[in-house]
Amino acid sequence: MGIYYITGRDEKFKEVSELIEGLTHRRVNLDEIQSNDQVSIIKNKLHSAWMYFGGTAPVIVDDTGLYLNCLNGFLGPLIRWFLEKIGDMGIYNLCYNCAGEVGAKAQAVIGYKWAYNEEKFFVGSVDGKIVSPRGQNNFSSSGFDRIFQPNGETKTFAEMTFEDKIKISHRTKAILQLKEFLESDH
């Protein structure tokens, strides 16, 4: 039995499977608690995924947040709901209405559970800024890639090729930590 990567988004699985071979993708709609604490969200999702397979299969879940400096780190993991209601242009406008502070951090938390009391969390983040929407949002229609420009880059995530994005993304940073853990004798 392999390791199941649980996500409803093919794009997430594509990014993960580029870096870790042998994972099995499962689309399972997991209940997601609403919290500003990404680890709490992941713990809840891990438990749900673990129980979905009857507690017999190793599972991986993830969560992504966008932390806006102008809102003292808020939206965080609640970004999805704001994108659904006001879109990426609404978030851009929100930032520029807050005294022009545009700093932000994209963060991914990945959870891996392989036994009843055995779970581990991996965090990857990229600092950047919020910019006017640019590029084709290839990741998802509700993502923040068009408005997030990593520090030191001239392109938003949406303007980058898939290959360029996964070299620097927040998810990649967390995935590489997971990969190292999976390759160790944990």
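The values are calculated or read from the model by the stated rules, or taken from the named source; none is laboratory data. Every value quoted in this text rests on a predicted model; they were computed, and no experiment measured them. As a convention, Cβ positions derive from the backbone with ideal geometry for all residues, glycine included, and neighbour counts pool all protein chains shown. Heads up: the accessible areas ignore ligands, DNA and RNA and are worked out on the full protein's heavy atoms, side chains in. Shrake-Rupley method; radii C 1.70, N 1.55, O 1.52, S 1.80 Å.
What to note about this one:
- Summing +1 for each Lys or Arg and -1 for each Asp or Glu among the other residues whose beta-carbon sits under 14 angstrom from that of V39 gives -1.
- For I79, the accessible surface of its heavy atoms amounts to roughly 10 Å² (probe 1.4 Å, protein chains only, rounded to the nearest 10).
- Estimated from helices alone, the mean residue ellipticity of the chain at 222 nm is -11000 deg cm²/dmol (sum of -39500 (n - 2.57) over DSSP H runs with n ≥ 4, per residue).
- Per the Kirkwood formula applied to alpha carbons, the range 77-121 shows a radius of gyration over Rh ratio, Rg over Rh, of 1.24.
- Unmatched cysteines, the chain - criterion: no other Cβ of a Cys under 4.7 angstrom: C95
- Estimated FRET transfer efficiency (R134, E32; beta-carbon r; R0 22 Å; 0.05): 0.15
- Pairwise FRET efficiency - S184 versus L71, Cβ, R0 = 35 Å, nearest 0.05: 0.40
- The value of relative contact order for the chain, using C-alpha pairs under 8 Å at least six residues apart, is 19 percent.
- Of the residues G90, T172, F162, the one whose Cα sits farthest toward the positive end of the charge dipole of the range 85-186, with +1 on the Cβ of Lys and Arg and -1 on the Cβ of Asp and Glu, is G90.
- In the chain, the portion of solvent-accessible area held by carbon and sulfur atoms comes to 46 percent [1.4 Å probe, whole percent, DNA, RNA and ligands not counted].
- Extension reserve of the E84-L19 stretch, reckoned as 0.36 nm per residue once the Cα distance is removed: 20.5 nm
- P(r) of the range 82-186 over all Cα-Cα pairs, binned every 5 Å from zero, in whole percent: 3, 12, 19, 21, 16, 11, 8, 6, 3, 1
- Each Cα pair under 8 Å and six or more residues apart adds its separation to the average, and for the range 88-181 the resulting relative contact order is 29 percent.
- Computed over the range 12-130, Kirkwood Rh from alpha-carbon pairs, angstrom: 15.6
- In percent, rounded to a whole number, the relative contact order of the range 42-98 is 22, using alpha-carbon pairs under 8 Å and six or more apart.
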